[in-house]
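To start, the structure under review is shown below, and the notes come after it.
The values are calculated or read from the model by the stated rules, or taken from the named source; none is laboratory data. Note that the structure is predicted; figures quoted are calculated from it, not measured. So basically every Cβ, Gly included, is an ideal-geometry build from the backbone, and we count neighbours across all protein chains shown. All accessible areas refer to the heavy atoms of the entire protein, side chains included, with ligands and DNA or RNA removed. Shrake-Rupley method; radii C 1.70, N 1.55, O 1.52, S 1.80 Å.
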Amino acid sequence: MVRLLASEVQQLLHNKFVVVLGDSVHRAVYKDLVLLLQKDCLLTNKQLRTKGELSFEKDQLKMGGELDTLHNRTDYREVREFCSDHHLVRFYFLTRVYSEYMESVLEELQSGNHAPDVIIMNSCLWDVSRYGRNSLSSYRQNLENLFGRMDQVLPKSCLLVWNTAMPLGDKIKAAFLPQKCKGQYPRISVATLKKKVTQANFYSHAEATKHYFDVLDLNFHFRQARKHLQGDGVHWNEHAHRKLSYLLLAHMADAWGVELPQRDSWEPGFEAWESSGQVEERQPQDNLGPQVFAPSPHCPFRPPPLLPSPGLPIRPPPLLGCPLPQPQHMPPFPLYPQVSYFSSDPVFQSDEFYIHSDSPPPTHTGYAFEGDFSFYPQPPVPNFRPPCHQRQAPIVHRGFPRHFARGPYNNPWRDRPRRPPKHSSACLESRPQ
C-alpha cells in the first residue's frame, strides 16, 4: 500500500473534478479525501458520525442535510462540495443505485460547466434492505440501467471506479435499518443481509466489467480488517478510511500513468503512522540491546520530508572499519582494478531545490583494497537510512502521459472494443453529446 502526503495528493488531483456517489460509508470516503487534500491527519470520530452539517473542513452543504430535515427515509438528500483554487470534490448521497434522483444527478453532471474527471460510486446496502422482498432482482435491473446511462453520459476521459460494498459485522445496529422496512416487511436478518451483499457485489462487478468500467473490490481488501469496524457493524473507523483513500488514489495514479513515491521498508505501517499522535514503543528483546531509535511517547511521529532539510549531509557517513575474519582456503578470483568509491545513479531533484557540491566525494575508511585482495565472506554491513532527499518524489505527467502502466484491472476500459449493439424493434434513444 502506498502512503501519500497531503502535498502529493494535491499534485495528483491538480485541476481534477472528483465526484463521490453513495451512502454514509462513501460520505466518509468524501470527507477523508477532502481532509487529505488539506492536512496530514485523520478524521475524528465525531466527524465520521456527523451527517448533514453545514460545513466540514471548508466545504459547503449545497442541498439537503440540515438545510432540510435529517431523517433515515429513502428520500433523504445531501449534496456537499469542496472547492479550492485547483481542486473540486462533490458528494451526492444515494439510497438507490438508479432512480429518478440519480437521473437528475447525471443530467446535472452532463450540463455542468466542468465534466467530472473521476467518479467514485457504490450503492448496495439501502438497495437490498429497504425496497421489499424483490430488492435483489430490482438491484440487478437498476445496475444495468445505471451503467448503460453512464456509458452514454460520461466523456471518454472520465474514470469511473465502482467500489464493491465493504464487509459487515456480526451484529448490525445501523440506523438505516428500521424495525419495519418499506412495504411493511419485517426487518432483514444479519445472515440474509450478508448473503444479499455478497450476491450484489457479484452482480455489480459483472455488470461494471461488461461496460468496461473499473472495479475496486473493497470487500476483498477489508475482509480481514473487521477490527476497524464501528460498533454498528456497518461503518468503519478513521484508519480504515485512510487506507481506502490510499487504495483509490493508487488506482487513479495507475490509470493516469503517474509514478507514486516508494516509501522505504523501515518506515512504520499505516496503522502506526496514523495513530493518534503516538507510536507504540517496543520492548527490547534478549541479546538485542536497547532500541536506540525508539520514538519518544511524547513526540508524535512525522513522516520524513521528500526534500533535504538544511544542514543534513548529502551522503551517509563513511562506514566504520570492522575486523576481517580469518581467510579460508579458497582459490582466489582473478584480480581486477578496484575503486575506492562507487557513485550511485543520479537522484531526482525537486523543482524547488537544487543542491550542488564542488567538494570531492568522501572515501570509505577501514577497507583497504590491496593487490592480493580476495572476495571472502564479509561481516554484515550496517544498514544506514538513505538521506531523505534521495527518495523518489511523485512524477505527474501532464497532458499525454509518458506511459500507461498496466494495473490489476487490465487495459483502460475506454480503449477496449465495444460489442456491436443489439438490434431492437423499439426506438433507440439518441446519445447525448
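From the set of residues in the stretch 154-181 that are modelled with pLDDT under 95 and polar (S, T, N, Q), which is least open to solvent (accessible area, probe 1.4 Å)?
Filtering the stretch 154-181 for residues that are modelled with pLDDT under 95 and polar (S, T, N, Q), the one least open to solvent (accessible area, probe 1.4 Å) comes out as S157.
Which one of these does A115 not meet: (1) within 27 Å of the chain's Cα centre (by Cα); (2) under 25 Å from R73 (Cβ atoms); (3) small (G, A, S)?
Here A115 meets the rest and fails (2).
Checking V234 against (1) in a loop (DSSP other than H, G, I, E, B); (2) surrounded by fewer than 20 Cβ atoms within 10 Å (Cβ to Cβ), which test does it fail?
Going through the list (1) in a loop (DSSP other than H, G, I, E, B); (2) surrounded by fewer than 20 Cβ atoms within 10 Å (Cβ to Cβ), V234 breaks only (2).
Tell me, please, whether a residue that is open to solvent by 50 Å² or more (accessible area, probe 1.4 Å), closer than 23 Å to R27 by Cα and either in contact (Cβ under 8 Å) with a residue 12 or more places away in the chain or touching a Cys at 6+ places or on another chain (Cβ under 9 Å) (or both) can be found in the stretch 204-216.
The answer is yes; a qualifying residue exists.
Residue by residue, here is whether (1) surrounded by fewer than 21 Cβ atoms within 10 Å (Cβ to Cβ); (2) modelled with pLDDT under 95; (3) of a type in the set (A, V, I, L, M) holds:
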| residue | (1), (2), (3) |
| --- | --- |
| H87 | yes, no, no |
| Y92 | no, no, no |
| T95 | no, no, no |
| E100 | yes, no, no |
| S104 | yes, no, no |
| N113 | yes, yes, no |
| M121 | no, no, yes |
| R130 | no, yes, no |
| Q141 | yes, no, no |
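Limited to the stretch 71-85, what total is found for residues that are open to solvent by less than 30 Å² (accessible area, probe 1.4 Å) and either closer than 16 Å to L146 by Cα or part of a strand (DSSP E or B) (or both)?
Total satisfying the criteria: 4.
Test W126 against the criterion of being under 19 Å from S204 (Cα atoms), part of a strand (DSSP E or B) and touching a Ser or Thr at 6+ places or on another chain (Cβ under 8 Å), and give yes or no.
Here the answer is no, as W126 does not meet what is asked.
Residue by residue, here is whether (1) without any contact (Cβ under 8 Å) to a residue 60 or more places away in the chain; (2) not acidic (D, E) holds:
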| position | (1), (2) |
| --- | --- |
| Y76 | yes, yes |
| L88 | no, yes |
| E107 | yes, no |
| I119 | no, yes |
| C124 | no, yes |
| R133 | yes, yes |
| Y139 | no, yes |
| E144 | no, no |
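Tell me, which residue of the stretch 187-208 that is under 23 Å from the mean Cα position of the chain (by Cα) and polar (S, T, N, Q) is farthest from G148 (Cα to Cα)?
Selected residue: T198.
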